[in-house]
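**Student:** Next up is a structure, given as C-alpha cells.
Just so it is clear, none of the values below were taken in a lab; they were calculated from the coordinates. What you are looking at is a predicted structure, and each value in this text was computed from that prediction instead of being measured. Neighbour counts run over all protein chains shown; Cβ positions are idealised from the backbone, glycine included.
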Amino acid sequence: MKTFLLELLICPACLPEERPLQAVALDVQKQDIVSGQLVCRACSRSYPIRRGVTFMTAATQSNSLAPSKYETAAVLSSYLWSHYGDLLNDPDASDAYQQWAALLEPKGGLAIDIGAAVGRFSFELGRKSDLVIGVDRSYAFVKAARNLLLTGQTEVELAVEGLLSRKETLTLPHEWPADSIDFIVGDALALPFRQGTFATLASLNLIDKVAKPLKHLTELNRIAHCGEAQLLFSDPFSWSTEVAAEQDWLGGTTEGRHAGRGMDNLKTLLQGHDNHLKPAWRIDRQGQVWWKIRTHCNHFELIRSCYIKADRHPCHWD
C-alpha cells in the first residue's frame with residue numbers, strides 16, 4: 001500500500017458516517033507499506049495490510065477469503081491476457097482499454113478505477129490524473145496488479161489446450177507511471193473514501209457483477225466531486241440471478257421500476273431522475289467497445305460493452 005493512501009481511506013463499515021482510520025504497527029519500505037493495520041476506533045474493525053495489499057472489506061476481517069472463481073490461476077491468466085494481450089503482441093488481443101482511455105480527458109486530482117481487476121485501466125488513468133486508485137474484491141487480481149506496479153513485469157501462463165500451456169513475460173512500457181498508482185481490495189458497494197474525493201471515475205464491466213447495482217451507482221456518485229467530474233461507465237448488462245436478485249437489476253426485465261434496457265435506465269439515473277444521483281450528470285457521449293476474454297488458444301469470449309461518458313460541472317443543489 002502506497003503511503004499516499006493513508007490520508008484517503010475511511011472505514012467502509014461505518015458508512016454513511018465518515019470515520020477515520022488509525023495506522024498501527026506499519027512496516028514502511030520506500031513509500032510502500034508492507035504490513036500493518038488500519039483501525040477504526042468507532043466500530044473497532046481492523047483492516048489488515050499484508051504483503052503490501054490493503055484489505056478494505058468487511059469480508060476480509062478473517063485470514064481467509066471466500067471462495068471465488070476470481071481467485072483461481074486460470075481466471076487470473078485469462079484476465080491478464082484480456083488486459084495486457086496487446087502488450088504481448090498477440091494478434092488475437094483487443095485494444096479495448098486503449099479505446100476506453102481515449103474517452104476520458106486529462107484531469108488533475110484523484111481518479112478511481114472501480115472493479116479494476118488486474119489493473120490495465122488504472123495504468124491508463126495514471127497518464128491522465130494526478131493519483132489513481134484501483135479497487136477490486138479479488139485478492140489475486142489486486143496482488144497481480146501490484147506486482148506489475150512494483151516490478152514492471154510478470155510471468156503469464158497461458159493455456160494452450162488441455163494440460164498444455166506456455167509462459168509469456170509481460171513487461172509494462174517504461175513510460176507508464178507507477179509512483180502515483182495503487183491498488184486495494186475493496187467493495188464497490190461500500191467504498192472506503194470520503195464524499196467528493198474523486199475527479200475521474202470509471203466502472204468497467206462491473207454493474208452486472210454486483211449484488212446491488214443501484215447501490216454501486218449511489219456509492220460511485222457519493223465519492224465523485226459534485227462539480228468538475230468525469231465518469232466512464234461501460235457494461236454488457238449480462239444480468240444474472242446468480243449475482244443479483246431480479247428485482248435489483250437495472251434493466252433486462254418487463255416489469256418494475258427498471259424495466260427495459262439497462263443502458264436506457266442508466267442514462268435516466270445519471271441524469272438525476274428518481275433523485276437517486278445528485279447533482280445530475282450530463283451525458284457527453286455513448287457507444288460500444290468490444291473486448292475479449294481468453295480461455296485457451298482456441299476459445300475466446302467476445303463481449304460488447306456499452307459505454308456512457310458523462311460529465312458534471314460545478315454543482316447547483318436543488
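**Student:** Of Lys278/Lys309; Lys128/Lys267; Lys267/Lys309; Lys212/Lys267, which pairs sit farther than 20 Å apart, going by alpha carbon to alpha carbon?
**Tutor:** The answer is Lys128/Lys267.
**Student:** Moving on to the next point. Using alpha-carbon positions, what is the distance between the centroids of region 273-292 and region 230-256, in Å?
**Tutor:** Comparing the Cα centres of region 273-292 and region 230-256, I get a distance of 14 Å.
**Student:** Using each residue's phi in region 108-124, evaluate 6.51 cos²θ - 1.76 cosθ + 1.60 at θ = phi - 60° and report the 3J(HN,Hα) Karplus result to the nearest Hz, with x for Gly and Pro.
**Tutor:** x, x, 9, 10, 10, 10, 8, x, 5, 6, 8, x, 4, 5, 4, 5, 4
**Student:** Show that you can apply the helix-only estimate: for the chain, add -39,500 (n - 2.57) for every DSSP H stretch of four or more residues, divide by all residues, and state [θ] at 222 nm to the nearest 500.
**Tutor:** Values: 6 runs with 59 residues, N = 318.
For the chain, the value works out to -5500 deg cm²/dmol.
**Student:** From the phi of every residue in region 4-14, what ³J(HN,Hα) in whole Hz does the Karplus formula 6.51 cos²θ - 1.76 cosθ + 1.60 yield, where θ is phi - 60° and glycine or proline is x?
**Tutor:** The phi angles translate into 5, 6, 4, 7, 9, 7, 10, 6, x, 6, 8 Hz.
**Student:** Lys167: which aspartates and glutamates have alpha carbons under 12 Å from its alpha carbon, excluding same-chain residues fewer than 8 sequence positions away?
**Tutor:** Qualifying aspartates and glutamates at Cα under 12 Å: Glu155, Glu157.
**Student:** Go ahead and set up a Gaussian network model of the chain, Cα springs under 10 Å, then flag whichever of Thr254, Thr171, Thr154 fluctuates most.
**Tutor:** Thr254
**Student:** OK, next. Please compute the modelled spin-label separation between Gln288 and Thr218, points set 7 Å along Cα→Cβ, answer in nm with one decimal.
**Tutor:** According to this spin-label approximation, the distance is 3.2 nm.
**Student:** Where does the chain land on the Kirkwood hydrodynamic radius, alpha-carbon pairs, in angstrom?
**Tutor:** Result for the chain stands at 20.1 Å.
**Student:** Could you work out which residue, out of Ala259, Ala111, Ala96, moves most in a Gaussian network model of the chain, that is, has the largest mean-square fluctuation with Cα springs under 10 Å?
**Tutor:** Among Ala259, Ala111, Ala96, the largest GNM mean-square fluctuation belongs to Ala259.
**Student:** So, in nm, how far is label Glu157 from label Asp95 when the simple model puts each one 7 Å beyond its Cα toward the Cβ?
**Tutor:** Here the answer is 3.3 nm between the modelled labels.
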